[in-house]
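Novice: Just passing along the structure, written as structure tokens.
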Amino acid sequence: MGWLLAIVTIAALILAVYLLDKKPTLSLVIAILTPVVLWLVLGRFGGEIVFTLFAAIFIIVMNLLNRSKMEDD
């Protein structure tokens, strides 16, 4: 169960990075929902979710920077 959850989480974060240029809104939704869903599945914040939380924050920051770059053009 743990390995399956880890694979799905990493796949969701990779998908969010891939969709960053094509569909930034969907990328942002995936980056926000991934840690929340993982937290609900695990039942509590623990050491297992720290990487996912920081990866999602990184994707959210990248998404916001990408949007500001698109507005400048």
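The values are calculated or read from the model by the stated rules, or taken from the named source; none is laboratory data. Note that the coordinates shown come from a computational prediction; the quantities given were computed from them, not determined experimentally. Here the Cβ is made from the backbone with ideal geometry for all residues, glycine too, and neighbour counts use every protein chain on show. What goes into the accessible areas is simple: the full protein's heavy atoms, side chains included, and nothing from ligands, DNA or RNA. Shrake-Rupley method; radii C 1.70, N 1.55, O 1.52, S 1.80 Å.
Novice: Filter segment 39-73 down to the residues that are surrounded by 14 or more Cβ atoms within 10 Å (Cβ to Cβ), at pLDDT 80 or above and under 17 Å from A6 (Cα atoms) and list them by number.
Specialist: A55, A56
Novice: Residue by residue through segment 1-31, note down the ones that are within 17 Å of L42 (Cβ to Cβ) and part of a loop (DSSP other than H, G, I, E, B).
Specialist: The one that is within 17 Å of L42 (Cβ to Cβ) and part of a loop (DSSP other than H, G, I, E, B): M1.
Novice: So, in segment 6-27, of the ones that are small (G, A, S) and over 9 Å from the mean Cα position of the chain (by Cα), which residue ends up modelled with the lowest pLDDT?
Specialist: Once the filter is applied, the top-ranked residue is A6.
Novice: Can you tell me which of (1) modelled with pLDDT of 85 or more; (2) of a type in the set (A, V, I, L, M, F, W, C); (3) open to solvent by 60 Å² or more (accessible area, probe 1.4 Å) is the one I30 doesn't meet?
Specialist: (3)
Novice: Follow-up. Within segment 3-27, count every residue that is more than 19 Å from S68 (Cα to Cα) and either free of Cβ contacts under 8 Å to residues at least 40 places away in the same chain or open to solvent by 70 Å² or more (accessible area, probe 1.4 Å) (or both). It would help to see each step written out before you state the result.
Specialist: To start, the set of residues in segment 3-27 that are more than 19 Å from S68 (Cα to Cα) comprises 3-15.
Next, only the ones that are either free of Cβ contacts under 8 Å to residues at least 40 places away in the same chain or open to solvent by 70 Å² or more (accessible area, probe 1.4 Å) (or both) stay: 3-8, 10-12, 14-15.
Matching residues across segment 3-27 total 11.
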